[in-house]
Every structure is written in C-alpha cells, then in structure tokens.
Amino acid sequence: MQIQEQYMEQARRLHQTCPVADAHLDLAGELLLHVNNGEREVLRRHYLDELREGGFNLIVSSVYLENEYLPEMGLRKALDQIGVLLEELDQNEEFLLVKNVRDLDRALEEDRIGVLLYLEGMDFIGTDFRLLRTLWEVGVRGASLTWSRRNALASGCCVASKRIPVPGGLTDEGVEAVRRMEELGMFLDVSHLNDDGFEDVCAVASRPFAATHSNSRTIYFNYRNLTDEQMQKLAAQGGVIGLNGCRFLVGRDQGEEALDWLCSHLEYMAASVGADKVGYGFDFCDAYDDARAGGTRKKNHNDCLVSHCHVPELTAALLQRGMPEEDVKGVIGGNWIRYFRQVLPK
C-alpha cells in the first residue's frame, strides 16, 4: 500500500507525543554479542538514534539463550547478558531500567527510554526457583516458561519457520513456577508456549498474563500464532498481545504487501478481543543475527519492518486503513503502559 503523507505526518506526531512501546526485543543478548566483539557504548552507537526517531519510550528486553549454551552454560550466559545490559544503562542517561511503576512513570515524564527486563524461557533455572528471587533483585520483572523447546517446566511450540504441532502441558514444576512468579510479582509471557501449555496457564494463573510477540493464527496459520479462543482467554484475564514482525509469523516478506499483512493481523486481533488488548512486540531478529556475525553479514530480512525508526510507517498504515486515532494511541504503546502499570510493583 502507498502511504499518504497526511497519515505519515499524523503517525509521526503520535509517536512523538504519545507513549510508544515494543514488548519484545532481544536487547540484552544483542548487547552482549556487540561487547564480545570489542565494541563499547553499544546503546548509543546502535540503538539510541533509531529508538528516538521511532519515538519509543519503553523496550521490553528479553534474556534469550541459544541452544548451544544449554544446559551447562545457561546461567552464566544469562547473567552475562543482564550484567552487560545494566552496565550499558548506567553509561547512558537516555535510558532507564524499569523495575516498578514509579520507574515507568519517570521514563515517560523525563522523556527517557525505559528498559524492562524479562526471561525468554527459564531453561537455565531448571527447577531451582530460589534463583527467581535472585533475578528479581537484579531487575528481572517477568518470564516465559520456555522458548520453542521443551524444558523441565513446559513444552514450547515449534520454531517460527516450521509448522509442527507439539503436545504436552505444564509439568508439576511448571505449575509451581507460575505460582512462584506470581508471588514475586513477575509477569508471565506465553508467546512461545504450546497449545496444551497455554490451556494449563489459563487454569492456574491468577494474574494477567501476556503474549509479548505473537500474531493471529486465523490470518496466518503457524503454531507460534494464537487462535481466536486463546486470544479471547488471554484478553479476559487482562493481558495484552504484541504484534510480531517476523515474516514467518506474518506470512509475507518486507515491502508494501507485508505492511498490509501486519495491519491485517493487528486489525483482526483488535476486532476479536478489543483494540485495548493489542500492541507492538516486533521481535526484530535481523539485528541479532548481524550482531552474532560480528556486524559483517548483511541483514537476511527475517523482519517485515527494517527497524524501530520505520515503525511509524505501520502506524500510518493503520490510520490510513481506518483505525481510529484513539485506538492507535493504545496500540502503539498506551495498552502496554496500562498493562505494566497493573502488573509491576507500585
């Protein structure tokens, strides 16, 4: 679709005057890769300008571990990621670690970029739930039980590039993990959980849980996407769903057609559960792959959008296709801000 300039101007205005959030970015892992490549001031050199141009106020950073580090090196690598993230935040006053509602409000009031830390899978914890308290103390405020693999707590769904049903619900330890997380005040992410595990979470969770980076399975069939029934159950619990920008979940590569498909996913989800229950959670992957390759490999275009500074184009497309401005304000960030004000400690 060709975006008309009037809608781009409207989108840019919203991105600079309203809260804007991305509920999933592998930021901590990317930072560690860059630092291990010998780089310094990584947030300033690689992220600040694009986030400012996109108008972002909140980034939810995952701690994601590749298979090769599990199980033996998992805890070490997770702590390395967290340590590098904290060091980078200390070196750059434009950013702020968000541990509670007061920090979130400060980020918005002081025009800083809040970073909220969570675990994309608890494989490295195993069943040693005392580690959750330790991770809480250093700023971790949420977790998913597993990435797209099986661990001691649950079974993940298939990876995004495949379409394979994976059976098996939460283990007894997985149920206990949900209980321990809720006691601490951690939010739960179900984006990589399989269908059986999702049903178990609905049965045992008492607090609102989220799907930080998932799309509609009706618009594009992939087990990483959510069914209509799953979206409705999550919304009824008070959760929010983040639109994923990965081409394997959207159903199209980059370009105008992909922009239409991103809009179709988001519009369908909004129509199914309410515009106040959807937001952005792009899971930009190309930057991670570039960092892993030492910054020398060209982007392989797993992402439908190029980077955070291009997100206003999607917002403009939603406006042009007829989404009301008040709904768009919630989608670009207001809905996630409301959710985290509810689940973070006061």
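Derivation of every value follows stated rules applied to the coordinates shown; laboratory data play no part. Please read these numbers as outputs of a predicted model, since none were measured by experiment. Ideal geometry is used to build each Cβ from the backbone, glycine not excepted, and the neighbour counts take in all protein chains shown.
Descriptive notes on the structure:
- If R0 equals 22 Å, the separation of the Cβ atoms of Glu41 and Leu108 corresponds to a calculated FRET efficiency of about 0.35.
- Difference of contour (0.36 nm per residue) and Cα-Cα distance, Gln4 to Glu257: 89.5 nm
- Neighbours of Ile82, meaning other residues whose beta-carbon lies under 14 angstrom from its beta-carbon, give a summed charge of -4 when Lys and Arg score +1 and Asp and Glu score -1.
- For the chain, the Kirkwood hydrodynamic radius from C-alpha pairs, put into Stokes-Einstein at 20 °C and a viscosity of 1.002 mPa s, yields a diffusion coefficient of 108 µm² per second.
- Straightening the chain between Val159 and Arg13 buys 48.9 nm, computed as 0.36 nm per residue apart minus the Cα-Cα spacing.
- Nearby aspartates and glutamates by direct alpha-carbon distance to Lys346 (threshold 12 angstrom, same-chain neighbours under 8 apart not counted): Asp103, Asp105
- In this structure the amide hydrogen of Thr171, modeled in the peptide plane, comes within under 5 Å of the amide hydrogens of Ala154, none closer than 5 places in sequence on its chain.
- Computed from label points 7 Å out along Cα-Cβ, the spacing between Leu131 and Arg52 is 3.8 nm.
- Set of aspartates and glutamates near Lys77 by C-alpha distance (under 16 Å), chain-local residues within fewer than 8 positions excluded: Asp26, Glu30, Glu66, Glu68, Glu87, Glu120, Asp123
- Set of aspartates and glutamates with alpha-carbon distance to Lys233 below 15 Å, sequence-local pairs under 8 removed: Asp189, Asp195, Asp196, Glu199, Asp200, Asp276
- Computed [θ] at 222 nm, helices only, for the chain once each DSSP H run of length n ≥ 4 contributes -39500 (n - 2.57): -12500 deg cm²/dmol
- Rounded to the nearest 20, the size of the Cβ-charge dipole of region 5-343 about its Cα centre is 380 debye, with Lys and Arg at +1 and Asp and Glu at -1.
- Region 155-228: C-alpha pair distances exceeding 21 Å, %: 25
- Radius 14 Å from Cβ of Val204, net charge of other residues (Lys, Arg +1; Asp, Glu -1): -4
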